[in-house]
1. I'd like the full set of residues that are within 21 Å of the chain's Cα centre (by Cα) and of a type in the set (Gly, Ala, Ser), limited to the stretch 141-158.
2. In the stretch 383-410, which residues are within 16 Å of the ligand (Cβ to nearest atom) and either surrounded by fewer than 24 Cβ atoms within 10 Å (Cβ to Cβ) or not in a helix (DSSP H, G or I) (or both)?
3. Looking at 397, 445 in this structure, which one is of a type outside the set (Ser, Thr, Tyr), under 25 Å from residue 288 (Cα atoms) and free of Cβ contacts under 8 Å to residues at least 60 places away in the same chain?
4. Restricting the search to the stretch 109-123, which residues are more than 18 Å from the chain's Cα centre (by Cα) and either surrounded by fewer than 24 Cβ atoms within 10 Å (Cβ to Cβ) or of a type in the set (Gly, Ala, Ser) (or both)?
5. Going by the structure shown, is residue 203 in contact (Cβ under 8 Å) with a residue 24 or more places away in the chain, under 20 Å from the mean Cα position of the chain (by Cα), buried (at least 24 other Cβ atoms within 10 Å of the Cβ) and within 16 Å of the ligand (Cβ to nearest atom)?
6. Confirm whether residue 145 is within 20 Å of residue 88 (Cα to Cα), outside any helix (DSSP H, G or I), in contact with a helix residue (DSSP H, G or I) (Cβ under 6 Å, 6 or more places away or on another chain) and small (Gly, Ala, Ser).
7. Based on this model, can you work out whether residue 450 counts as small (Gly, Ala, Ser) and buried (at least 21 other Cβ atoms within 10 Å of the Cβ)?
8. Quick check on this structure: which one of 328, 358 is hydroxyl-bearing (Ser, Thr, Tyr), touching a residue at least 40 places away in the same chain (Cβ under 8 Å) and more than 26 Å from residue 251 (Cα to Cα)?
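The values are calculated or read from the model by the stated rules, or taken from the named source; none is laboratory data. These numbers come from a predicted model, not from an experiment. Note: ideal-geometry Cβ built from the backbone for every residue, glycine included; neighbour counts use all protein chains shown.
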Amino acid sequence: MIKFPDTFVWGASTASYQIEGSVEADGRAPSIWDTFSRTPGAVVGGHTGDDACDHYRRYRDDVALMAGLGLHAYRFSIAWPRVRPGGDGPTNERGLDFYDRLVDELCQYGITPMPTLYHWDLPQALEDRGGWANRRTAEAFAEYATAVHDRLGDRVQSWTTLNEPWCSAYLGYGNGVHAPGRRDPAAAFAAVHHLLLAHGLGTQALRAAGARSVGLVVNPVAVRPADPASAADADAVRLIDGLHNRIFLGPVLGDGYPADVLEHLTRLVDPTWLGESDEKIIAAPIDLLGINYYNPVYVASRPGAPEVDGRYPGVRDVEFRDPTGPTTAMGWEIDPTGLGELLRRLHRDHPGTPLWVTENGAAFDDRITGDHIPDDDRVSYLDGHLRAVHAALSDGVDVRGYLAWSLLDNFEWAEGYHKRFGLVHVDYRTQRRTLKDSALWFRSVIARNALPSQVTDPPA
Ligand code: FCB
């Protein structure tokens, strides 16, 4: 048996817009995802989060499901447009009532609530005033954070500010694949900065309100050279690593924006938004860093290659290689070594920051046979990644917990409902929940606090 530390925390993650539905209930106003998902062609199948998993009404059953799996912790996100429908201005107490009930329900089962304050559903009213490209949004975030803490802070100990600011900035404002669907490098970089500032101001606000533990959730990627012997490929790796990882980790962990990253972005845009004292605010000490990990990427230098889309604004002469190994239904390469690599790197470069795996999991085309969902491929994915976490722990990396993505099948953003990441299957017609084999497997891992010594191989 491969034992985990006694204090290791097991859990699962979700996000508000992906599961809640009830988008007009109790005073909620539209978010950028409501608007975006209604834009023709934006989301596969024209799907929206209008109904999603109907979790807003079924949260009691869902919490009971979590308890049945033995989860120690549940990471969910709070919908800003429920709490502050206008983005700033008055708090909508009815919106907070929902999270109040949810937190109570979790506490009743002894499940630790781990809310994330922002998982991509910006109030549309703020987007109408420039969204994350506008500095004011960062201030509004801190005010919203205070309002949430005022209501939940007596029971919630552990907070994270933002989920994956890389996606919000570059997919939202760079290549427009996510809401609000803008394609503007200047706005994308301004969004990076204002998201980081929101994290810093939000952290200050939560601490001032008495929060014990505050952190951030990022999606660092293991960037690898197509040819390990090529110096040009190493340069391409450095560039992408800078724009994906170091642009966030540097400022948050106290090292400021890396010089090469600043040089790249000042060639493209005039960073008038860089306030003198911002870096100090952004570097507010954190108690945990959440890592969402799915797959590594391989890059090569290729002079003449067209500009990579706005996911990496201004990047030319660089090619992303197609995966060569097995992939998930998202086309993402399955390689747990990337997770181990990132955990070790963060521990080495930023010692003293407790790490959490706040998301990890896979979409596969699940087969349903009667009441049974034999998702051996997902079991194998989770098993492999948990072995990587365990190996990192054995090397002394301070990993405190593992939260699987996701508890439920849900609205997978631009992919709609076609991609299923859940441990629990959702029949969107009836809202019936069925535990997949991976949920049963995860339950037994949690119960034993250990993995079986035998590796779970992927199905042939
Ligand atoms: C992450 C998101 C999460 C989910 C997974 C598959 O980037 O944080 O909401 O969509 O990917």
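1. Within the stretch 141-158, 142, 145, 158 meet the criteria.
2. The answer is 402, 403, 404, 405, 406, 407, 408, 409, 410.
3. 397
4. Residues satisfying the conditions are 109, 110, 111, 112.
5. Judged against the criteria, residue 203 is not a match.
6. It is false that residue 145 is within 20 Å of residue 88 (Cα to Cα), outside any helix (DSSP H, G or I), in contact with a helix residue (DSSP H, G or I) (Cβ under 6 Å, 6 or more places away or on another chain) and small (Gly, Ala, Ser).
7. The answer is no for residue 450.
8. Sole residue among the options that is hydroxyl-bearing (Ser, Thr, Tyr), touching a residue at least 40 places away in the same chain (Cβ under 8 Å) and more than 26 Å from residue 251 (Cα to Cα): 328.
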